[in-house]
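Step one of this worksheet: look at the structure below.
Taken together, the values in this text are just the output of simple stated rules run on the coordinates, not laboratory data. Keep in mind that this is a model prediction, so the values were computed, not measured. When we count neighbours, we look across all protein chains shown, and the Cβ atoms used for this are built from the backbone with ideal geometry, even at glycine.
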Amino acid sequence: MDVYLAEIRKAFPEITALDGATFEAQPGEVHALLGENGAGKTTLMNILAGLYQPDTGEIWLGGQRRDWRSPAQAITAGIGMVHQHFKLVPPMTVCENLLLGLPGSLWLDRRGGATRIRAFARAHDLAVDPTAPVWQLSMGERQRVELLRLLLRDAQVLILDEPTSVLTPQESQTLFATLRSLARGGRTVIFISHKLEEVLRAADRVTVMRGGRAIATLQAGETKAEDVAALMVGRSIVPPLPAASARGAAVLVIDRLSVPGDRRPLAVSDVTLVVHAGEILGIAGVAGNGQRELAEAVAGLRPIACGDVALAGKAIGHASVRDRIAAGVALIPEDRLHTGLVGDMTAADNLILKSYRTYPFSRCGVLNHPMIRRRARDALNRLALPIPPQAPVRLLSGGTMQRLLLARELGEDPKVIVAMSPTRGLDVGAAAGVHQALLDARSRGVATLLISEDLDELLILADRLAVMHDGRISTVLERRVFDRPRIGLLMAGGTA
């Protein structure tokens, strides 16, 4: 089904998201939509999917003019969208989430539905347990559920916002093989991504957006990644190059740690790791192998079954989250909107969530709002973020949210950073900025535990790399022996 969006304009309070954007995609193609965070990509696709109504402009689908008044109308017309921030109901099971809204699903057939969904998921190489509550799933597993929901509704226009940001390279290859198969069957596939090399391999055409407009549409096979990056940000991007690590004393010591899981007795089993001052220790693994539980245990968000965690020689395994923050633990969670930030609060208030109890932000329990806004304005200017301090965080792009979160966590002068997928959903310029911030922290002697499902990111930043499978550390590699095929095999549970 062909898609044509003409001269779309959309403004929110304090933010103009789209300024006359035009976009078209054809049946049978995989079309990538690229641009900086805040360029308007997601807003444009949300308008196509019926979540927003444009201020001006036209939507054409299958040669007919459309005026959506609700997402339900777009779904009925054959449009399905997987959002970057997932739209699942956490307390409900995978099966219940997938059956919601399907014809005849008023009375849920949980047993029959689970059997059907398991077979459907296997057929699309998107295996997931239909009986598991969504809140127990990793981000990668939730992504699979969102993809399955779209496919179950037989959508003819498939929109995916950062579909591979939580997938391993092997999972990404499988996903794109599925998308290509769907496109060959006559569907129109549109996906937003910031992984340029991946985009140029997977897409037929790419459209680049900047400043709320589409500025170029290119044939993927005739385009270089550096040219696309320059179009996206308006300048050449030079990725940071890590200097040799000046590894210091042990800062974070994880000693024979076991951590209970949500779906099994132990998600982490007998893990021992040491992270030194001035070192980035990467954790590589397929989603759902205990990485999230390990990070939550270190940060104090999940109790431990046995073993301990020590920071600068002091045991913190049973300390409260507040005490760990005071001791110097910073956390960049994988779900920035629901775990790292408060969407309905302003940018200024989010920046002081860890320090609002202290002077100069409060005195005798009373918040000093002028000081909070002044500090926020200074921080936003340093970050070159063109947003007012009073802007609600939920209206910001994913990249802007992440930079805001990073500013708060690194601004507290931490001893150790626990970073979980810190560049998920970021454009190439913003990702380079996050990488540089982590490298700058390393040069100041900060110890960093970097958990990422982006193997490229780990290979760029990590001084050492621990591979995690089935809740255990299978091996720890020094940078000089990093080897992508070998690491991929270890992540899948093989031996090398």
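For an R0 of 35 angstrom, estimate the FRET efficiency from the Cβ-Cβ distance between His338 and Thr16 and round to the nearest 0.05.
0.85
Put +1 on the Cβ of each Lys and Arg and -1 on the Cβ of each Asp and Glu in the stretch 3-233; which of Ile15, Thr43, Gly80 then has its Cα farthest toward the positive end of the dipole?
The one lying farthest along the dipole's positive direction is Gly80.
Could I have the simple spin-label model distance between His85 and Ala492, label points 7 Å from Cα toward Cβ, reported in nm to one decimal?
For His85 paired with Ala492, the spin-label model returns 3.5 nm.
Taking the alpha-carbon distance from Lys314 and a cut-off under 15 Å, which aspartates and glutamates remain once sequence neighbours fewer than 8 residues away in the same chain are dropped?
Those aspartates and glutamates meeting the cut-off are Asp255, Asp323.
Label the stretch 250-491 by shape, choosing from rounded, prolate and oblate, from the square roots a ≥ b ≥ c of the eigenvalues of the Cα gyration tensor; if a/c is under 1.5 it is rounded, and otherwise prolate applies when a/b is larger than b/c, oblate when it is not.
prolate
Mind jotting down the distance between the C-alpha centroids of the stretch 76-93 and the stretch 180-212, whole Å?
Going from one Cα centre to the other spans 20 Å.
For n ≥ 4 DSSP H runs only, could you compute -39500 (n - 2.57) per run for the chain, divide by its residues and tell me the 222 nm figure to the nearest 500? Show your work: numbers first, answer last.
On the way: 16 runs with 159 residues, N = 496.
It lands at -9500 deg cm²/dmol.
Taking the Cβ-Cβ separation of Arg480 and Trp135 as r and a Förster radius of 30 Å, what is the calculated FRET efficiency to the nearest 0.05?
So the FRET efficiency works out to roughly 0.15.
Can you give me the distance in nm between label points at Ala246 and Asp323, each placed 7 Å from the Cα along the Cα-to-Cβ direction?
My value for the distance between the label points is 3.3 nm.
For Cys306 paired with Glu197, estimate the spin-label separation in nm (one decimal), with each label point 7 Å from Cα along the Cα-to-Cβ line.
Label at Cys306, label at Glu197, 4.2 nm between them.
Name the long-range amide H neighbours of Ile283: under 5 Å, sequence gap of 5 or more, or other chain; modelled H, no Pro or chain starts.
Correct list: Leu450, Ile451, Ser452, Ala466.
Give the residue list of chymotrypsin sites (Phe, Trp or Tyr not before Pro) in the stretch 37-102 that are DSSP loop and have at most 11 other beta-carbon atoms within 10 angstrom.
none
Computed FRET efficiency, Cβ-Cβ of Leu367 and Arg472, R0 35 Å: what is it to the nearest 0.05?
The value I calculate is 0.15.
Return Cys306, Cys364 ranked ascending by Cβ neighbour count within 10 Å, so the fewest neighbours appear first.
Cys364, Cys306
Taking the Cα centre of the stretch 398-481 as origin, work out the dipole magnitude from +1 charges on Lys and Arg Cβ and -1 charges on Asp and Glu Cβ, in debye rounded to 20.
220 debye
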